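Structure first, then comments.
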Amino acid sequence: MSEPQTYKNLIGGEWVASVTGQTFESTNPADTREVVGVFQQSNAEDIDAAVQAAKSAYESWRLTPAPKRGEILFKAAELLRQRKEQAARDMTREMGKVITEARGDVQEAIDMLYFIAGEGRRLYGQTTPSEMPNKFQMSVRVPLGVCGLITPWNFPMAIPSWKILPALILGNTVVIKPAEDAPISTYNFVQCLVDAGLPPGVINIVTGYGPEAGEPLVRHPDVKVVSFTGSTAVGQHITKVAAETMKHVSLEMGGKNGIIVMDDADLDLVVEGVVWGAFGTTGQRCTASSRLIAHRSVADELGRKLAAKAESITIGSGLDEGVTMGPSINADQYKIVCDYVEVGKQEGATVVTGGERLTDGNYQYGFFHQPTIFGDVKASMRIAQEEIFGPVTAIIPVDSLDEAIEVANGVKYGLSSSIYTQDVNQAFRAMRDLDTGIVYVNAPTIGAEIHLPFGGTKATGNGHREGGTQALDVFCEWKSIYVDFSGGLQRAQIDNAE
Ligand code: NAD
């Protein structure tokens, strides 16, 4: 194994060490003997330097024409396309998802670059007629200033791109604190922006742990908006801290996503979808299909078919093209998965397949667990209510569509949901009544495309969306402008009133 690279913070266009003089390592979760990178263990002083750099760069970036900003993003997209394979391999090494999925994660960032680069020539506002003669009015988007971005490890390039790009195209500048388990993908992404000609200080990276490096970004008075993706507990904490300085806060958090399987569903299609939705990214997706709400008449057959398919999953290092499921991200997350599997057994759920950790041979160096399906699960059980973030899913039998929708909505989260049915009437009822930000029909709960809004209801979010043009709303204010060219004073609601 080659010597790991040491990564420095990017502040004001310079690569600099943390003032703490301390670093931390990120290891490969498929083989923890491999250190994939060494990173700065930064603190509030580093964050302050990055925020000051972003603040200094803001005025000139704000006044750069948006189409010119977009041109830099187009160039970055071309660079990332050229670097896609290496970026995907780095991602698999740092966080374990299988290489085909890592390529997809990088592709999502490429798609986002093209999509938002095009926004440089749109950024549409509105014009409306006035109630007065000889008066013109419009509303335009204006940037906020310095944006603080805090990201998780499970989509370590896609999620930073969802935040960085809408912020930049509007004329904001950025400080990003990536997840400590997977910072390299953020570096690879930002390097493309730098090489494409982004001016110094417009983007800054500071690595470190959440409380030491993330929280000072949330507290900093010169940061105007915090965009966070991660756990609901940390998101709630961030909201409270940000309130002290009246920041805008956008949160994307946990999920407990359900697939409804009706008695007329094509079960073979369901099985394909569930295995992808539940075990893709080792179940470490906010949109993972962690509940299967199945009509009682098909639940057992579904369990049998799913077990056969799940048992054919090849587990190992994601760099091996034949592997279809990698490890959990780290020792803490692995313990959470193992503990929940025990909870499920104690709660009286049936283990349809899996249920054991893998520790033999090369598995001993990583965080591997069998894909696990529980049957006979009650909607109130903890494994049916709490986010596990691992390769575990639960079959909950129900008797009707009404009950299925009630169960699907009966959790604290509201990110994604799905229904498999051949009946268009049932599909439309589900589309209307499922209380989630995303609904799929005849597809699992994962598979979002970047040009539609992404986010969830209830404890998943706080009303904002990433993706689509809706993402722009997080990083701007609306300014309404009235131009009176009548040459006289015209009083709205008074001079034109009956
Ligand atoms: P996490 O909340 O532990 O960490 C997320 C980020 O917050 C990290 O960068 C971390 O360093 C930082 N952080 C931690 N404490 C902080 C503090 N006090 N102040 C500021 N920053 C702090 O989450 P994770 O384990 O990295 O990610 C898994 C979670 O993310 C899951 O709950 C998953 O559902 C959620 N997630 C949600 C979405 C979505 O779009 N809804 C997408 C991906 C992941």
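The values are calculated or read from the model by the stated rules, or taken from the named source; none is laboratory data. Not measured: the values here are computed from a predicted model. Methodologically, a virtual Cβ is constructed for each residue, glycine included, from the backbone with ideal geometry; neighbour enumeration extends over all protein chains shown. Only protein heavy atoms, including side chains, enter the accessible area calculation; ligands, DNA and RNA are left aside. Shrake-Rupley method; radii C 1.70, N 1.55, O 1.52, S 1.80 Å.
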Query raised in the report: Pick from the range 233-242 the residues that are of a type in the set (A, V, I, L, M) and within 6 Å of the ligand (Cβ to nearest atom): which of them is least open to solvent (accessible area, probe 1.4 Å)?
Result: ILE238
Report task. Give the residues of the range 332-362 that are open to solvent by 40 Å² or more (accessible area, probe 1.4 Å) and either in contact (Cβ under 8 Å) with a residue 40 or more places away in the chain or not in a helix (DSSP H, G or I) (or both), sorted by residue number. Result -> ILE336, GLU347, GLY348, THR350, VAL351, VAL352, GLU356, ARG357, THR359, ASP360, ASN362
Query raised in the report: Within the range 49-72, how many residues are over 10 Å from VAL206 (Cβ atoms), open to solvent by 40 Å² or more (accessible area, probe 1.4 Å) and not hydroxyl-bearing (Ser, Thr, Tyr)?
Result: 9
Query raised in the report: Tell me, which strands (runs of 3 or more DSSP E) wholly within the range 1-44 include 3 or more residues that are in the same structural domain as ILE203 (by TED's automatic domain parsing), within 29 Å of GLY366 (Cβ to Cβ) and of a type outside the set (Phe, Trp, Tyr)?
Result: 23-28, 31-40
**Report entry** Enumeration of residues in the range 312-330 that are open to solvent by less than 60 Å² (accessible area, probe 1.4 Å) and in contact with a strand residue (DSSP E or B) (Cβ under 8 Å, 6 or more places away or on another chain)
**Finding:** ILE313, ILE315, GLY316, SER317, VAL323, MET325, GLY326, PRO327, SER328
Report task. Considering each of ALA394, ALA408 in turn, give the residue that is in contact with a Gly (Cβ under 9 Å, 6 or more places away or on another chain), surrounded by 24 or more Cβ atoms within 10 Å (Cβ to Cβ) and in a helix (DSSP H, G or I). Result -> ALA408
Query raised in the report: Given the structure, is GLY230 under 30 Å from PRO327 (Cα atoms), near the ligand (Cβ under 10 Å from one of its atoms), within 20 Å of the chain's Cα centre (by Cα) and open to solvent by less than 10 Å² (accessible area, probe 1.4 Å)?
Result: no
Report task. Report, by residue number, each residue of the range 464-483 that is open to solvent by 20 Å² or more (accessible area, probe 1.4 Å) and either outside the structural domain of SER227 (by TED's automatic domain parsing) or touching a residue at least 12 places away in the same chain (Cβ under 8 Å) (or both). Result -> HIS464, ARG465, THR469, GLN470, GLU477, TRP478, LYS479, SER480, ILE481, TYR482, VAL483
Query raised in the report: If GLU215 passes every condition in (1) within 12 Å of the ligand (Cβ to nearest atom); (2) crowded, with 23+ Cβ neighbours inside 10 Å but one, which one does it miss?
Result: (2)
Query raised in the report: Of the residues TYR124, TYR209, which is of a type in the set (Ser, Thr, Tyr), surrounded by fewer than 19 Cβ atoms within 10 Å (Cβ to Cβ) and within 10 Å of the ligand (Cβ to nearest atom)?
Result: TYR209
Requested in this report: Could you run through the range 91-111 and say how many residues are in a helix (DSSP H, G or I) and touching a Pro at 6+ places or on another chain (Cβ under 8 Å)?
Outcome: 5
Query raised in the report: Any chance the range 243-254 includes a residue that's under 20 Å from the mean Cα position of the chain (by Cα), within 16 Å of the ligand (Cβ to nearest atom) and closer than 30 Å to ARG296 by Cβ?
Result: yes
